[in-house]
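Just passing along the structure, written as structure tokens.
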Amino acid sequence: MSREAWRVAEEIRAGADPSRHVEEVLERIERWEGAVKAFISLDLPEALRERAERLERKIRKGERVGKLAGLLVSVKDNICTSWLPTTAGSRMLEGYVSPYNATAVERVLQEDAIIVGKTNLDEFAMGSTTELSAFWPTRNPWDLERVPGGSSGGSAASLAYGGADLSLGSDTGGSARLPAAYTATVGLKPTYGLVSRYGLIPYGNSLEQISPMARSVRDVALLLEVIGGWDPKDATALRVERPRLDPSPAEPRALRLCLVKEMVEGAEEPIEKLFWNTIHKLSSEGAQLEELSIPLLSKALPAYYTIAFAEASSNLARYAGIFYPTKGSSGSWEKYVGEARARGFGREVKRRILMGVYALSEGFRDEFYVAATKVRRAIRDEVLKVVKRCVIAAQASPILPPKIGERLDDPLKLYYMDMYTVIANLAGVPALVQPLGFSQGLPIGIQWMAGPLEESKLISLGLLVEELTGIKGAMAE
Ligand code: GLN
């Protein structure tokens with residue numbers, strides 16, 4: 001079953017039975033889900049079978065059949081669906097069912113995909129391991145003692161064990177890419193504004209994008225083609241057509257890769273080794289390399305976290321025990337709201353609200369929030385200059401997937417894991433993470449970054465790298 005998703009969809013469009021594919025995926029879920037716990041909610045098997053039958057009838061009648069025909073898609077549980085609950089991994093929203101679908105969900109359904117369920121995440125997408133979910137940690141299918149990365153860890157894990165063909169994740173500071181690196185899957189954070197955020201529960205609005213995830217580069221491209229492009233329901237959506245991505249690998253001799261010191265150095269030894277092997281291979285095939293340094297990037301993590309916390313503190317103000325499931329009991333307004341929040345929010349979310357409010361408060365605003373936005377602007381300018389002339393080759397994670405519980409004693413240990421990924425969010429540029437190989441059975445990924453709306457460059461480079469590594473569609477067994 002490790003065929004690529006685009007191929008499965010083509011076979012179904014050509015007449016293969018979609019019900020058979022649903023049964024294959026249900027078998028994988030049956031076998032793995034108990035141990036991995038990737039999903040917060042799963043649709044009923046009968047409902048999935050019924051969708052496959054409906055599609056089958058459509059095909060027989062010769063009606064138009066969509067690009068994702070019969071593919072099973074998992075959706076991160078901070079993306080709204082009208083028929084399955086959307087919790088954002090928080091007690092605050094436990095049992096909440098949205099009155100509408102996110103635009104990305106609508107588009108996936110229009111292309112005849114079948115949504116299999118909603119995947120686990122760190123509460124409100126705040127975290128790097130999926131351990132901060134209010135429900136349970138998700139495990140990494142490649143090593144059940146380890147985390148799958150976060151915050152889209154449930155999406156990545158569902159792909160890695162074959163419980164879905166494609167997944168919708170979200171990426172505010174690396175949440176689709178870090179899990180991709182830890183599970184040998186592919187995650188693409190699109191250019192800011194390319195994918196509608198309508199129906200994405202906001203964490204850091206100015207940074208985040210719904211992000212396609214899959215087991216191969218071509219599959220990620222397919223999903224981006226479906227969800228990308230202008231949406232009148234999102235005021236920050238760019239006025240661009242749906243992207244069309246050419247599925248042919250890059251020509252190495254036409255490639256120029258920039259190695260920015262701050263995005264390359266500082267990773268554990270097995271990661272460094274595989275990274276440089278790949279770069280040298282590309283260079284021996286004719287790619288040109290340029291090494292440079294952007295010293296300002298040492299400020300990327302503090303700038304990212306200051307902005308993300310500030311935006312989070314404003315976004316989470318809507319949870320006051322009124323419109324959403326977790327309520328306070330009676331008493332004064334302060335007591336009522338305080339109780340709802342004490343009950344509904346986890347420790348890390350509370351920490352971020354407090355720090356965000358502080359960074360925005362009178363007297364400290366200039367020193368923290370405003371300063372961070374200036375650093376962001378300067379980083380964006382520097383990155384844009386570089387991606388004008390080359391694709392940036394970067395690490396995805398400084399460390400191999402850690403053991404469950406290993407990094408929970410100090411929040412800084414979690415923040416540190418995002419050192420290479422937050423840069424693309426600050427700059428608003430697209431970034432792709434794909435697998436390079438394994439060290440002691442643990443996946444290692446690489447990250448590529450291009451200029452705004454240059455997703456096609458990332459895809460064709462990704463396809464070339466798949467040819468070099470031979471890794472495509474890997475699934476844990
Ligand atoms: N780990 C980062 C954070 O906690 C990024 C999360 C994300 O991309 N949603 O903010």
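For region 80-95, take each phi angle, set θ = phi - 60°, evaluate the Karplus expression 6.51 cos²θ - 1.76 cosθ + 1.60, and give the result in whole Hz per residue in order, putting x for glycine and proline.
6, 10, 8, 10, 10, x, 10, 9, 6, x, 10, 4, 4, 10, 3, x
Stokes-Einstein diffusion coefficient for region 318-433 at 10 °C in a medium of 1.306 mPa s, Rh from the Kirkwood formula over Cα pairs: what value in µm²/s?
Values: Rh = 17.8 Å.
Roughly 89 µm²/s, to the nearest whole number.
Quick one: which of Lys37/Lys403; Lys281/Lys472; Lys350/Lys374; Lys350/Lys403; Lys67/Lys472 span more than 23 angstrom between C-alpha atoms? Numbers along the way, then the final one.
Details: Lys37/Lys403 16 Å; Lys281/Lys472 18 Å; Lys350/Lys374 26 Å; Lys350/Lys403 25 Å; Lys67/Lys472 20 Å.
Lys350/Lys374; Lys350/Lys403, as the Cα separations exceed 23 Å there.
Right, another one. Using Cβ counts within 10 Å as a stand-in for footprinting exposure, how do His21, His280 rank, fewest first? Don't skip to the end; give the middle numbers.
Working: His21 24, His280 12.
The most exposed by this proxy come first: His280, His21.
For region 373-477, what value does the Rg/Rh ratio take when both radii are computed over Cα atoms and Rh is the Kirkwood radius, given to two decimals?
Result: Rg/Rh = 1.02.
Let me ask another. In what sequence do Phe345, Phe438 fall when counting other Cβ within 10 Å, fewest first? Walk me through the numbers on the way to the answer.
On the way: Phe345 22, Phe438 16.
Neighbour counts put them in this order, fewest first: Phe438, Phe345.
Residue-wise, which Karplus ³J(HN,Hα) couplings in Hz belong to region 461-468, taking 6.51 cos²θ - 1.76 cosθ + 1.60, θ = phi - 60°, and x for glycine or proline?
5, x, 5, 4, 5, 4, 5, 5
7 Å from Cα along Cα→Cβ at both Glu145 and Ser298: what's the point-to-point distance in nm?
Computed distance between label sites Glu145 and Ser298 equals 3.6 nm.
Pop out the Kirkwood hydrodynamic radius of the chain from its pairwise C-alpha distances, inverse of mean 1/r, in Å to one decimal. Working shown, then result.
Working: mean 1/r = 0.0452 Å⁻¹.
By the Kirkwood definition, the hydrodynamic radius is 22.1 Å.
Within 14 Å, Cβ to Cβ, of Val386, how many net charges do the neighbouring residues add up to if Lys/Arg are +1 and Asp/Glu are -1?
Values: positive: Arg256, Lys261, Arg380, Lys385, Lys388, Arg389, Lys457; negative: Glu262, Glu290, Glu291, Asp381, Glu382, Glu454.
With Lys, Arg at +1 and Asp, Glu at -1, the neighbours total +1.
Taking the Cβ of each residue in Leu297, Leu166 as the centre, tally the other Cβ atoms inside 10 Å and list the residues starting with the fewest. If you can, show how the numbers build up before the last one.
Details: Leu297 22, Leu166 28.
Ranked by crowding around the Cβ, least crowded first: Leu297, Leu166.
In addition: Report for the chain the percent antiparallel among DSSP-assigned beta bridges with both residues inside it, nearest 5. Before the final figure, lay out the partial values.
On the way: 30 of 46 bridges.
Here the antiparallel bridges make up roughly 65 percent for the chain.
Relative to the compact globular guide of 2.2 N^0.38 Å, what is the alpha carbon radius of gyration of region 286-361, as a ratio?
On the way: Rg = 19.3 Å, N = 76, 2.2 N^0.38 = 11.4 Å.
Cα Rg divided by the expected 2.2 N^0.38 Å: 1.69.
Gly117's amide H: which non-local residues (gap 5+, or another chain) put their own amide H closer than 5 Å, with H modeled 1.01 Å from N in plane and none for Pro or chain starts?
Long-range HN contacts for Gly117: Asp43, Val75.
Read-outs: derived from the displayed coordinates by stated rules, not from any lab. All figures in this text were calculated on a predicted structure; none of them were measured in a lab. A quick note on method: Cβ atoms are made from the backbone with ideal geometry, for glycine too, and the neighbour counts reach across all protein chains shown.
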